[in-house]
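S.K.: Below: one structure in structure tokens.
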Amino acid sequence: MGQRKTTPANREKIIQAASRLIRERGIDNTTLADIAVAAGISKGTLYYYYSTKGDLIFDIADRHMNNLTDRIFRWLESSGTAVPPRRVFRMVMDTVMHSRSRGQMHVYLIQEALTENPSLRRRFVEEYKRWRSMIEQGLQRVYGESGEYATMARVLLATIDGLILQRLLGVEQLPTDEIAEYFEVAGNASVSH
């Protein structure tokens, strides 16, 4: 019997093919079979890596979130401490909300986690903890170590989720400048207490 070959290259082919198909067709119109064909692998090989579409999409979203986080932290490091907090918040919101397909994947995953996939729900709970921690670290870089940022990180994360939903629904132009200003004021208040 042949042994399945698991390689980072196969995983990368799967992720790249799935990302492209989801952008082109949408999540609901992309099947694991479609992804296997696009990646040039058998369905069995694809199932060896990902038993559900939700797990695959979670990895795509997780990779994307890590890339965004790295981009934001690199920007913060290259900008130094002279960047006004409002500009940082605006950059974060614009970066996270830029891609429509990313927002659709995020909403799809939340729906899957809430309705059909308890393991995906557990992964989301862990990822939200990690994302909040990253936001807290970012807030410390912007405002310094003296503030209490746990609550602000939760509110900022919930705000971003809500803004993604509103953008996907086609709510009027979202006032990201005003929202960034609000978080700047809240952060300044957190540091002064």
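S.K.: Taking only the range 19-43 into account, find how many residues are under 23 Å from the mean Cα position of the chain (by Cα), farther than 16 Å from Val107 by Cβ and in a loop (DSSP other than H, G, I, E, B).
M.R.: 1
S.K.: I've got another one for you. Taking the residues in the range 155-164 that are out of contact with any His (no Cβ under 9 Å at 6 or more places or on another chain) and of a type outside the set (S, T, N, Q) as candidates, determine which candidate is nearest to Arg132 (Cα to Cα).
M.R.: Filtering the range 155-164 for residues that are out of contact with any His (no Cβ under 9 Å at 6 or more places or on another chain) and of a type outside the set (S, T, N, Q), the one nearest to Arg132 (Cα to Cα) comes out as Leu157.
S.K.: Okay, moving on. Filter the range 1-32 down to residues that are modelled with pLDDT under 80 and either aliphatic (A, V, I, L, M) or in the same structural domain as His106 (by TED's automatic domain parsing) (or both) and give me whichever is farthest from Thr45 (Cα to Cα).
M.R.: Ile27
S.K.: Exactly one condition in (1) at pLDDT 80 or above; (2) under 13 Å from the mean Cα position of the chain (by Cα) is not met by Gln166; state its number.
M.R.: Every listed condition holds for Gln166 apart from (2).
S.K.: Count, please, the residues in the range 169-183 that happen to be under 22 Å from the mean Cα position of the chain (by Cα) and under 18 Å from Arg90 (Cβ atoms).
M.R.: 8
S.K.: Is it the case that some residue within the range 124-139 is farther than 20 Å from Arg87 by Cα, of a type in the set (Gly, Ala, Ser) and outside any helix (DSSP H, G or I)?
M.R.: no
S.K.: Now, a different point. If we scan the range 89-112, do we find a residue that is at pLDDT 75 or above, more than 17 Å from the chain's Cα centre (by Cα), in a helix (DSSP H, G or I) and in the same structural domain as Asn66 (by TED's automatic domain parsing)?
M.R.: No, the conditions are met nowhere in the range 89-112.
S.K.: Here is a follow-up. Among the residues of the range 44-53, write down those that are outside any helix (DSSP H, G or I) and either among the β-branched types (Val, Ile, Thr) or surrounded by 14 or more Cβ atoms within 10 Å (Cβ to Cβ) (or both).
M.R.: Within the range 44-53, Tyr50, Thr52 qualify.
S.K.: If you don't mind, there's one more thing I want to ask. Considering only the range 137-146, how many residues are crowded, with 19+ Cβ neighbours inside 10 Å and of a type outside the set (Val, Ile, Thr)?
M.R.: Residues flagged as crowded, with 19+ Cβ neighbours inside 10 Å and of a type outside the set (Val, Ile, Thr) within the range 137-146 amount to 3.
S.K.: Is there any pair with a first residue in the range 162-178 that is in the same structural domain as Asp94 (by TED's automatic domain parsing) and a second that is not in a helix (DSSP H, G or I) whose Cβ atoms are under 8 Å apart and which are 6 or more apart or on different chains, and what are they?
M.R.: Cβ pairs passing all conditions: Leu163/Leu174; Gln166/Leu174; Arg167/Leu174.
S.K.: Now, a different point. Can you name the residue in the range 113-132 that is of a type in the set (A, V, I, L, M, F, W, C) and at pLDDT 80 or above and is also farthest from the chain's Cα centre (by Cα) among such residues?
M.R.: Leu114
S.K.: What single numbered condition from (1) farther than 10 Å from Met105 by Cβ; (2) in contact (Cβ under 8 Å) with a residue 60 or more places away in the chain; (3) outside the structural domain of Val125 (by TED's automatic domain parsing); (4) charged (D, E, K, R) fails to hold for Asp62?
M.R.: Going through the list (1) farther than 10 Å from Met105 by Cβ; (2) in contact (Cβ under 8 Å) with a residue 60 or more places away in the chain; (3) outside the structural domain of Val125 (by TED's automatic domain parsing); (4) charged (D, E, K, R), Asp62 breaks only (3).
The values are calculated or read from the model by the stated rules, or taken from the named source; none is laboratory data. This is a predicted model, so every value here is computed, not measured. Note that each Cβ is placed from the backbone with ideal geometry, even for glycine, and that neighbours are counted across all protein chains shown.
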